Amino acid sequence: MPFGTDQAFAVVLPVQKENLVANPSGERGTAGWVYTSSEWVGFLGTSAAKQTFGAWSYLINPSGATGPEVASYGPITLGAGTSYTISAYRNAGVAVSAGQNGTFDLALSSGTDTTVLGSVRAFTGGTWHRYSFSYTEASGGTRFVQARLPTGVSQDPPGGDLYIDGIQVETGFVTTYIDGDQPGCYWTGAPHASTSVRSGTS
């Protein structure tokens, strides 16, 4: 950072990484998602109204229920003793504050509606923000990324729709978003239906 200014500079170093989420931006609809709460009708879908990557994002459309409400993506296999970072972009539609409709937990769980192993709470802003948290897998096995609407938070307006995009599970520290459509990246199988890798020289 130059002295005497409020400008900041950052250097992004190339690093090879894999995004373990096969449908990270909703281009294949809600493939991979499981809904474990019964109170919501059409809890999670997709929308072309707002997106950060591709043509679609995931859409949570409130129906007036009070949480908890849970949608789980997976399973994703994690290795014992390995550290991971889970991240996603989120847009609340309108600005909200803690405890209002629009409060959202990005979480990692041991099952579709069971023990939360790590999470981050998001409740700010009507623009796109990226949220992330780190988790070290103790035993190895299958895990689920979750969109959780917290207990006791009413999902009626004024919070409006919630948009989620660019979901990523990667080893180590958080890096820039990876899917096979991004420059320097490729799909390991079918587009938007397989994991994706970024080259270490990109």
> Under a Cβ-Cβ cut-off of 11 Å, what is the net charge of the residues other than CYS185 that fall near it, where Lys and Arg count +1 and Asp and Glu count -1?
Replying inline: -1
>> Give me the net charge for the shell around VAL197: Cβ to Cβ below 9 angstrom, other residues only, Lys and Arg +1, Asp and Glu -1.
In response: +1
> Among residues other than TYR58 whose Cβ falls under 13 Å from its Cβ, what is the net charge (Lys/Arg +1, Asp/Glu -1)?
Replying inline: 0
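Highest mean first, how do 22-29, 161-168, 188-195 rank when packing is the count of other Cβ atoms within 10 Å averaged over residues? Could the numbers behind the result be given before it?
Details: 22-29: 21.6, 161-168: 24.6, 188-195: 14.2.
In decreasing order of mean packing, 22-29, 161-168, 188-195 become 161-168, 22-29, 188-195.
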> For the range 16-30, what does the Karplus curve 6.51 cos²θ - 1.76 cosθ + 1.60, with θ = phi - 60°, yield as ³J(HN,Hα) per residue in whole Hz, taken in order and with x for Gly and Pro?
Replying inline: 6, 9, 10, 8, 7, 8, 7, 10, x, 10, x, 5, 9, x, 9
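Every read-out reported here was derived from the displayed coordinates using simple, explicitly stated rules and does not represent laboratory data. Given the structure is predicted, the values throughout are model-derived calculations rather than measurements. So basically every Cβ, Gly included, is an ideal-geometry build from the backbone, and we count neighbours across all protein chains shown.
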